[in-house]
1. Collect the residues in segment 74-105 that are within 10 Å of the ligand (Cβ to nearest atom), over 14 Å from CYS402 (Cα atoms) and small (Gly, Ala, Ser), keeping them in residue-number order.
2. Within segment 230-244, does at least one residue satisfy the condition of being surrounded by 16 or more Cβ atoms within 10 Å (Cβ to Cβ) and polar (S, T, N, Q)?
3. Within segment 60-71, identify whether any single residue is out of contact with any helix residue (DSSP H, G or I) (no Cβ under 7 Å at 6 or more places or on another chain), modelled with pLDDT under 95 and not basic (Lys, Arg), and answer yes or no.
4. Can we say ALA89 is within 21 Å of the chain's Cα centre (by Cα), part of a loop (DSSP other than H, G, I, E, B), under 24 Å from MET358 (Cα atoms) and not β-branched (Val, Ile, Thr)?
5. From the list ARG161, ARG190, which residue is among the basic types (Lys, Arg) and touching a Gly at 6+ places or on another chain (Cβ under 7 Å)?
6. Any idea how many residues of segment 397-410 are closer than 13 Å to CYS156 by Cα and within 7 Å of the ligand (Cβ to nearest atom)?
7. Filter segment 1-46 for residues that are part of a loop (DSSP other than H, G, I, E, B) and in contact with a Lys or Arg (Cβ under 6 Å, 6 or more places away or on another chain); which is farthest from GLY185 (Cα to Cα)?
8. ASP338 passes all but one of (1) closer than 21 Å to LEU414 by Cβ; (2) surrounded by fewer than 18 Cβ atoms within 10 Å (Cβ to Cβ); (3) charged (D, E, K, R); which number fails?
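The values are calculated or read from the model by the stated rules, or taken from the named source; none is laboratory data. Computed from a predicted structure; not experimentally measured. Backbone-built Cβ (ideal geometry, glycine too); neighbour counts: all protein chains shown.
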Amino acid sequence: MTDTIPSPRSWPLIGNALEINAEFPMTSLSNLAKRYGEIFKLTVGGRERVFICTRDLCNEVMDEKRFEKAVTGALHYIREAVHDGLFTALPGEHNWGVAHRALMPAFGPLPIHGMFDEMYDIASQLVLKWERFGPQHDIKVTDDFTRLTLDSIALCAMGTRFNSFYTEELHPFVNAMVAVLIGAGGRARRPPLPSYFFRAEDQKFNENVELMLKVATDLVKQRRENPVDKKDLLNAMLYNKDPKTGENLTEECIAYNMITFLIAGHETTSGLLSFVFYELLKNPEAYRKAQEEVDRVVGDETVTYQHLSKLEYLNAILRETLRLYPPAPAFTVRPKKDEIIGGKYHVTKETPLFCFLMAIHKDPAVYGEDAEVFRPERMMDEPFGQLPPNAWKPFGNGARACIGRPFAWQEALLALAMLLSNFEFTMSDPSYQISIQSTLTIKPHDFYMRAKPRHPDI
Ligand code: HEM
């Protein structure tokens, strides 16, 4: 005997679409997780999806012998743009293996260390901008962190400057990318109607994909015409061979992965930094401890690579923020064959299982009764190391886990240390109540803060 997976009432044609607030879907899904507990099911866009909400079930479906990555929902439509690029490749796809093996070395400790100076360069531009705008300026937090992370990945990985801090508008690539991410999410929720109903939307989607492809192919062309002797990601894509097959990445694959890195490499880290500042400003005691650590470790010096490993509390802040606000709030697997999960729920081979991190990361069985509370102390090395397997999965799972994790970590830690070292922050509107905006990733909606220089005379 198996148990039925609970689900709200479904309506003809629209299924459970009314359960999901299109602007704030994560809030709707979090509420459903609270209502149903460990697992629930929704029918959206004519397809059934199962949501996994506890650590125990997550732990089971992380077994790569029984389950594999599913490219479904919004990701399925993003695949129309970047095909078999690393993020959207189907399990077992040949070009994924080639790119994965050829590019892994570019994310090793040495190459990432080698990117420190360029990350520092871009973070300094952010510091300069906020100093110039002065303490009364309301900073649109997510926009400036998007400038930081986009310019960092473009410079460190591709040797190109987007110069986003010197323009009011974000780079056209970012606008196209946001439109593609929103478009992909929208398409995943569409009712099953003939495609001519959505012709105008689809045309815009395709134009934005074209724009992104053009940015990517231009960057490749520039580098081919002006080769540089650098161990960056673009050179790795152009010249590294897959150690298993001896193959290089094809031209198309380079363009798809270039877009993949530009997308995956900035939205997520920008969201992480935005939530970090939101939580620090809501939690004065955590802010005080973070400030104290930066002042003790860095003092009056400029932040160096050597300082980073000593910033233990800041490290815990990043982990705790990723727990409460995983920038990629869910990832999807599917069973390799029909399965019973949790000892009682039957799931077929076709069923996408959404590992809903915003619920899994708040499982009281792991994190206790204060699971909803921001408490970086629980993420210091010692308690963090004791967490049960698969209780904290912001970077995904197994072979398909995030390749850019070391890059993101160094970038976020460096930016946080530099900003705390240079400014005293306050919330623009102390009564601000967070709401979570989402495309493929999440960000705090309409969040503004102010930055007062701590050393105005320097
Ligand atoms: C994959 C999260 C930063 C590149 C993933 C996945 C997650 C994730 C959850 C797995 C997705 C899935 O299974 O469908 C994050 C978070 C980041 C971050 C939370 C920052 C805080 C980055 C950066 C880069 C990057 C900086 C590039 C420099 C990628 C790529 C994949 C990936 C290429 C696909 C890997 C594969 O399947 O082979 N990331 N990511 N990410 N991420 Fe990240």
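1. GLY97
2. Yes, segment 230-244 has at least one match.
3. Among the residues of segment 60-71, not one is out of contact with any helix residue (DSSP H, G or I) (no Cβ under 7 Å at 6 or more places or on another chain), modelled with pLDDT under 95 and not basic (Lys, Arg), which makes the answer no.
4. Numbers: within 21 Å of the chain's Cα centre (by Cα): yes; part of a loop (DSSP other than H, G, I, E, B): yes; under 24 Å from MET358 (Cα atoms): no; not β-branched (Val, Ile, Thr): yes.
No.
5. Residue meeting the stated conditions: ARG190.
6. Residues flagged as closer than 13 Å to CYS156 by Cα and within 7 Å of the ligand (Cβ to nearest atom) within segment 397-410 amount to 3.
7. THR2
8. Going through the list (1) closer than 21 Å to LEU414 by Cβ; (2) surrounded by fewer than 18 Cβ atoms within 10 Å (Cβ to Cβ); (3) charged (D, E, K, R), ASP338 breaks only (1).
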